[in-house]
1. Can you flag which of Lys267/Lys288; Lys99/Lys247; Lys318/Lys496; Lys288/Lys401; Lys316/Lys409; Lys316/Lys509 are past 28 Å Cα-Cα?
2. Taking the range 190-232, how much of its Cα-Cα pair set, in percent, is spaced more than 12 angstrom apart?
3. Can you compute the modelled spin-label distance between Tyr359 and Glu466, with each label point 7 Å from Cα toward Cβ, in nm?
4. Mind pulling the per residue volume of the convex hull built on the Cα atoms of the range 276-344? Å³ is fine.
5. For Ala123 and Phe731 in one chain, what is 0.36 nm times their gap in residues minus the Cα-Cα distance, to one decimal in nm?
6. With +1 on the Cβ of every Lys and Arg and -1 on the Cβ of every Asp and Glu, and nothing else charged, how large is the dipole of the range 95-221 about its Cα centre, in debye rounded to the nearest 20?
7. Normalising by the residue count of the chain, find the relative contact order in percent from Cα pairs under 8 Å and 6+ residues apart.
8. Charges at C-beta only: +1 for Lys and Arg, -1 for Asp and Glu. How large is the resulting dipole of the range 576-643 about its Cα centre, in Debye rounded to 20?
Amino acid sequence: MSSFSVHLASGSWWIAIPAILIGIGLAVWTYRHTVPRTTPARRRLLVALRSIAIALILFVLFQPILTLTKTQERTPRVVIMLDNSRSMQLPPAPGDTAKTRLSAMHRNLLNIFPESFRSDRSARLLEVFSEKASSVDTPFTHVLSSMKADGSATDIAGAFGLLAEAEKSQNISAVVLFSDGAYTAGSNPLYAAERLGVPVFTVGLGDSSERRDVGITSMFTNDIATVGVSQPVDIEVHAAGANAGEKAVVSLYAESEKIAEEEVTFKAGANDAEVSINYTPAQEGSVKLTARVTPLSGGETTMSNNVSIRYVNVLKNKFHIVLFAGAPSSDVSFVRDYFRARKEIELTTYIQKQGAEFYEGTPTFEKLHDADLVIVVGFPIASTSTESMALLKRLVVSEGKSMLFVPSKMLDIAKLREIEEALPFTLREGAASGNELSVSAAVNQSTVTNPILRADKEQTAAVKWESLAPLAKTEMHFAPKPESDVLIEATVQGVKIGEPMLLSRTVGKSREIAFTSYGLWRWKLTSFGRERAFASLSRTKDTTVGSESALDLFLGNATRWLVMRDDRKRVRIEPTQRLYDAGETIEFTAQVYDESFEPVDGAIVSMKVVGPGLKQALDLTLEPLSNGRYSARLPQGLPAGDYTYSGSAVSGKAQIGTDGGRFNVGEYSIEFAEPRMRSELLREIAARTGGAFFTPENDADLLSRIRALPSYQPKKIEERSEYEARTAWYFLVLAIGLLSTEWFLRKRSGML
């Protein structure tokens with residue numbers, strides 16, 4: 001049964017109909033007398049053309065919406081959801097190694113649902129799910145024979161979510177879920193099942209009791225590590241059915257090298273053990289960490305959960321810093337001494353002496369091309385050579401090296417403008433006098449938690465950076481760039497003068513910090529916080545108060561922030577997962593950006609994959625999507641092994657950037673992490689939705705229970721479709737056509 005209705009989005013019919021009638025009346029009145037006179041038939045035709053055109057235009061202006069309602073009676077339908085994940089390869093019961101949960105599910109399906117029901121596609125709907133869910137409208141036996149239990153994850157909530165859309169147009173009376181309840185992806189399926197609003201009958205596959213087994217349930221460490229810096233790797237082991245005093249050995253490997261091993265002793269039954277092993281990276285790059293646990297004696301349910309894999313990105317800890325100074329000064333001395341005292345820093349200094357020469361010789365790009373940070377103190381000055389300025393500009397502008405800038409009284413403003421592009425401030429126009437001001441710090445509250453201003457709890461609680469000694473500043477005027485952060489403002493006698501004292505900026509991969517004042521040596525001689533000075537004068541010495549100066553603290557914070565460059569690469573290529581199953585579809589995605597980090601379309605993104613399962617490198621070209629995104633798929637997957645990929649993006653003849661990484665196939669599957677059936681979850685889903693929980697041993701009356709449901713009745717479902725006249729361009733075309741025809745006829749008749 002179908003019906004329709006029309007309503008107006010703007011105004012009402014009480015206004016629209018009189019307006020249309022008035023428009024028609026005006027058309028009739030316009031043609032009551034014509035010059036020259038015309039035949040009655042032509043006059044009626046002209047009136048009709050104008051009237052219809054006016055009516056159409058007014059009709060569209062009132063935005064009518066046509067609603068078509070189609071009511072159909074739908075027979076009740078049962079949705080059968082089938083788990084096709086890898087955990088279905090496990091045995092259905094302890095010791096039953098000849099069967100799998102998948103084969104048990106097949107037998108139960110044929111026993112529960114008779115042939116008449118299985119062949120009636122109007123009575124049932126099949127849905128197969130693992131990491132993704134899909135509805136299948138093929139013969140029952142064909143679906144069962146095509147299931148391989150090869151899904152890499154189990155997303156039960158996603159399977160219920162797929163049904164939510166189908167439920168709007170179909171009479172879904174019940175859902176039968178065949179699964180072990182071990183969801184390894186997506187959210188908790190309990191809430192998705194409740195939102196569906198349909199009784200869910202669950203059939204639990206597998207054994208809910210803890211079997212004799214040991215496995216690694218989690219492995220956690222930082223994704224980013226530093227060469228030579230130890231970090232813990234926390235490994236959690238779960239044992240079931242263990243004997244009291246039984247032991248297992250947990251080992252950690254970096255690539256193929258064993259880092260350490262630790263023995264754990266279990267109690268009787270089910271229990272957990274935590275192992276923490278320190279890992280100290282030896283070289284930078286992507287490192288594969290593998291945790292393994294030895295099996296329990298006498299065999300286990302599965303050995304697939306005895307290993308866990310994680311990739312760590314190791315950064316270098318030796319940094320090359322170059323210091324340019326316009327002349328020897330206290331600021332230069334203290335900054336140089338700070339970095340020379342640190343083993344992780346390789347410091348190269350170039351301090352200008354009288355004339356354009358440097359005490360250390362002539363700087364060249366070959367010597368400084370690998371610099372991680374450029375520190376500029378009171379440089380350039382009037383005698384700085386053109387060659388030195390060209391080198392500095394190449395480092396901080398062309399190469400994008402991070403920079404720390406400190407001015408001085410001798411600073412040459414004209415030459416400084418040559419590297420203004422790499423500074424977080426602009427130099428305001430106007431003469432800059434050599435007069436000095438004494439300025440103090442006022443920390444911006446919006447940036448007080450910035451890592452550059454980080455301090456320990458005692459320092460932060462006791463005093464602020466405002467308590468430090470004032471710095472010196474010439475009457476040179478600085479304005480922060482729009483993308484810069486003003487960390488500290490300059491004050492004179494507690495009054496802000498509208499000038500920044502300390503700024504920071506991130507542009508692309510480079511970072512910049514700049515002072516507009518100098519005399520940082522005062523921060524070296526002043527302890528950080530007056531409470532330190534008071535503690536040194538008190539009779540009772542506080543041995544917890546350290547001796548680190550405010551300058552040392554600042555330089556440490558600033559260096560970490562500057563050399564640990566932002567990881568925002570212009571080209572980012574990565575697999576959708578780090579761990580795949582053998583034969584699983586592998587997908588790569590890429591994002592490409594220009595120098596302003598705007599998405600780049602039309603680039604050529606190519607990559608190579610190498611690994612033990614490939615005789616030669618696998619070349620891929622990623623297909624463009626939109627908004628700077630690209631993708632490529634390997635539907636056939638790859639053999640088991642550890643793989644490395646590298647790729648690049650090219651626009652025209654210029655290379656935009658490169659990226660690479662690693663991923664693993666087949667060595668670890670989350671589906672085997674805990675092999676027992678989650679009967680408690682399946683029972684809760686059934687209870688909360690009005691269904692029931694079954695096992696393969698007691699599900700013979702499942703279909704009769706469904707047919708006895710009050711909801712298992714035919715149901716009338718309405719399908720509504722709306723059409724808006726304002727979006728129908730043909731109304732406007734028709735109105736224009738009518739008015740054009742009217743104009744043509746008037747011209748042919750010679751009318752005014």
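1. Over 28 Å Cα-Cα: Lys267/Lys288; Lys99/Lys247; Lys318/Lys496; Lys288/Lys401; Lys316/Lys409.
2. Details: 718 of 903 pairs.
For the range 190-232, the fraction of Cα-Cα distances above 12 Å is 80 percent.
3. 3.9
4. Details: hull volume 8.1 nm³, N = 69.
Measuring per residue, one finds 118 Å³ for the Cα hull of the range 276-344.
5. Details: separation 608, 0.36 × 608 = 218.88 nm, distance 4.40 nm.
Gain on stretching Ala123 to Phe731: 214.5 nm.
6. The calculation lands at about 200 debye.
7. Normalised by residue count, the contact order of the chain is 16 percent.
8. Numbers: 5 positive and 10 negative charges, 60 e Å.
The calculated dipole for the range 576-643 is roughly 280 debye.
The values are calculated or read from the model by the stated rules, or taken from the named source; none is laboratory data. Keep in mind the model is a prediction, meaning the values are calculated, not measured. Because the Cβ atoms are built from the backbone with ideal geometry, glycine has one as well, and the counts that use them run over all protein chains shown. With ligands, DNA and RNA removed, areas are computed over all heavy atoms of the protein, side chains included. Shrake-Rupley method; radii C 1.70, N 1.55, O 1.52, S 1.80 Å.
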